[in-house]
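Peer 1: Below is the structure I would like to discuss, written out as structure tokens.
Throughout, read-outs are computed from the coordinates displayed, never taken from laboratory work. This structure is a prediction, so every number in the text was calculated from the model and none was measured. When we count neighbours, we look across all protein chains shown, and the Cβ atoms used for this are built from the backbone with ideal geometry, even at glycine.
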Amino acid sequence: MKVKENNKMVSTAEEIEEQIKKGRKDFRGVAIEDYLYLGGTTINGDLDLGKITIKGELCLRGVTIEGNLYLGGSVIKGNLNLRGTTIKGILYLRETTIKGGLNLRGTTIKDELYLGGTTIKGYLDLSTKQGPTKIYVDQKNAQMVHWAAPTIPLVTRNE
């Protein structure tokens, strides 16, 4: 990890990958210089990537997360690719900005998906393998989410 930049710890993808292999699971507020690819990794417990800033794609393709995945308040300047990922808890994307697309094709989400206040500038693929049990959305993205996942119950809030 490097010195703070705009009040965030700056890290490379390689440093984050190495820390995850060593068992670290809390990266809240870290700025990642380029992309992050964690294909095929198993994470015991929750993975907290809340309030991160990443300059490229965040790809957790084929990852198994034994708990929750937190990305709330993050800024992802590329795609968020969770294709084929298994999340045994909730997927929390509340107040997240994704400047690319969101790919959940073939993903298993055992619990709920939180999208309230989320901005997705690119495509939205919610064709999961299993779950979520329900999706929390706000009024601005309820219709888009319903079109992408018409059989999953939506819970809307005026925000």
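Peer 1: So how strong a dipole does the chain carry about its Cα centre when Lys and Arg Cβ are +1 and Asp and Glu Cβ are -1, to the nearest 20 debye?
Peer 2: Around 140 debye, computed over the chain.
Peer 1: Which pairs break 19 Å Cα to Cα here: Lys21/Lys51; Lys51/Lys99; Lys110/Lys134?
Peer 2: The answer is Lys21/Lys51.
Peer 1: Also, I was wondering about something else. Which one of Thr128, Leu80, Ile32 has its Cα pushed farthest toward the positive end of the charge dipole of the stretch 4-131, where Lys and Arg give +1 and Asp and Glu give -1 at the Cβ?
Peer 2: Value computed over the given set: Thr128.
Peer 1: Could you list Thr156, Thr85 so that the one with the fewest beta carbons within 10 Å of its beta carbon is first and the one with the most is last?
Peer 2: Lowest count first: Thr156, Thr85.
Peer 1: Would you pull out the residues with amide H under 5 Å of Ile43's amide H, same chain only if 5 or more places away, H placed 1.01 Å from N?
Peer 2: Hits under the 5 Å cutoff: Thr64, Ile65, Glu66.
Peer 1: Which whole-number percent is the relative contact order of the chain (Cα, under 8 Å, 6+ apart)?
Peer 2: 13 percent
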